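See structure below.
Throughout, read-outs are computed from the coordinates displayed, never taken from laboratory work. Here the structure is a predicted model, which is why all the values come from computation and not from measurement. Neighbour counts run over all protein chains shown; Cβ positions are idealised from the backbone, glycine included.
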Amino acid sequence: MAGEWAGRGKPTTTSRWVRTILGAAAALLAVTGVVLDLGLALGLTVAFVLVAAVIGGLGGEQSRNRDAAVTRHRMIRLLAVAACAGPVMAGLAVVFGAAATPIVLVLIALAVARRLFHGRAGRSATESVSVCLDTGDDLAALSDAELAQVWHQSHALLARTAGRAELERVCALRRRLLDEIERRDPTGFRRWFAGGGWIRADSVPFLRG
């Protein structure tokens, strides 16, 4: 039962609405930028794509030991975001004029802060679950507190996983974790699972350790 739900958590209704609204706003700005100032939109798009290519190339040089599919996927995603950012930024400039500059700076600061936060969380998660992933150690040897911590941190790692092979490894670990949690406390597990605690990636508070 548990193994079927070891992948990514389901997005909440609120998060879906927020993403939909932000996506619609970005699309509207992009159309505005292209229609009202095509030259600016094209110039920004070329500039952003070039910067993204340089950043992606530097990142690839620093991670040669990673799965090539993961690196390629991240590079494509980075270039796609850069290509979309050009028309959106042009739209901001057209709509808000001089006020677009502080808006863009705030958006960049938020993006950098989010990247740094998730980067630290991802590194912590990678360090904590790497042994379980690489060696297949028996999870029964972990204490309840350690098991709960690995489950919680595997969610952060899952969110940063791009390649299919890496994703399958993380999902396989999460299936094993769910099976072990259920084995230790079937009643608490059913209550936790039915309540959606596994989706929120909480620390399995019903485990006693």
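Placing R0 at 25 angstrom, the Cβ-Cβ distance between Ala25 and Ala80 gives a FRET efficiency of 0.85 after rounding to 0.05. Each of Phe48, Phe193 has some number of other Cβ atoms within 10 Å of its Cβ, and from fewest to most they run Phe193, Phe48. Each residue of region 83-98 is assigned a 3J(HN,Hα), and the resulting list reads 5, 6, 5, x, x, 5, 5, 5, x, 4, 5, 5, 6, 9, x, 5 Hz, derived from the Karplus form 6.51 cos²θ - 1.76 cosθ + 1.60 (θ = phi - 60°), x at Gly and Pro. Net length available on complete extension from Ala98 to Ile55 is 12.7 nm, with 0.36 nm assigned per residue and the Cα-Cα distance removed. The ranking of Asp179, Asp138 from fewest to most other beta carbons within 10 Å of each one's beta carbon is Asp138, Asp179. Fewest-first ordering of Met89, Met75 by other beta carbons within 10 Å of each residue's beta carbon gives Met75, Met89.
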